[in-house]
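Chemist: Below you'll find the structure I mean.
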Amino acid sequence: MLFMGLMSLDRPEDYGRLSDEKLLNKVADGDQEAFRQLYQNTDRTMYSFILSIVKNPQDAEEIMQESYLKIWTSAKSYKSQGKPLAWMFTIARNLCYMKFREQKHDSDVTIDDLMGLEAGEVCKEIEMAADKMVLLAALQILKEEEREIVLLHTSGGMKHREIAASLNIPLATALSRYNRAMKKLENYLREE
């Protein structure tokens, strides 16, 4: 019995079996293997979430790298709440907003895009920008957790079961939040 106890001390810990919260706590202690496993557990979900916000794969990859760097350096500030992915999403979302602020001087429509259009012609860029503004305004009426689920499902292409697992909530909760959000959006867009 004592021999078996000593054997388990020599065996490396199976990081694949640890929860994301335990991994994040180990990351706070500088455990690189725990960080690697946390990345493997969450990279697809994080990328989908970031892409759902920035809509540009190159920006999403850049922000994802920045997010994991920030997670590595800020892991000690994580307060155990049972939802490390929500904390990670907050970091990613803040970095997305910082990116938007950096780009706020850049226009969606450049002069080159508008050149050569005769009066009366439809400008797809302007129409798309208007649609985008309506959609962004509609998303603002949703609660944070509703918006997160809608974006993960619609833009990230995640299934409700995957979203529930990623956010560490019951499937029924994910479905009800999604349905509630979609009704709010439908009512808002009908009024507009």
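Chemist: Heavy atoms only, 1.4 Å probe, whole protein assembly: order K83, K183 by accessible area, highest first.
Modeler: K183, K83
Chemist: Tell me, in nm to one decimal, what length is gained between R161 and S80 on full extension, where the rule is 0.36 nm per residue of separation less the Cα-Cα distance?
Modeler: 26.8 nm
Chemist: Using only protein heavy atoms and a 1.4 Å probe, report how much of L69 is accessible, in Å² to the nearest 10.
Modeler: For L69, the solvent-accessible surface is approximately 110 Å².
Chemist: Something else about it: Quick one: ranking I149, I141 by accessible area, 1.4 Å probe, largest first, what do you get?
Modeler: Output order, biggest surface exposure first: I141, I149.
Chemist: Set the Förster distance to 30 Å, then compute FRET efficiency between A28 and Y188 from the Cβ-Cβ distance, nearest 0.05.
Modeler: 0.15
Chemist: Please list, in order along the range 53-70, the HN-Hα scalar couplings obtained from phi with the Karplus expression 6.51 cos²θ - 1.76 cosθ + 1.60 (θ = phi - 60°), rounded to whole Hz, x for Gly and Pro.
Modeler: Couplings: 8, 8, 6, 10, x, 5, 5, 4, 5, 5, 5, 4, 4, 4, 4, 5, 5, 5 Hz.
The values are calculated or read from the model by the stated rules, or taken from the named source; none is laboratory data. As the structure is a computational prediction, the values presented were derived from the model and not from experiment. So basically every Cβ, Gly included, is an ideal-geometry build from the backbone, and we count neighbours across all protein chains shown. Accessible surface areas use protein heavy atoms only, side chains included; no ligands, DNA or RNA. Shrake-Rupley method; radii C 1.70, N 1.55, O 1.52, S 1.80 Å.
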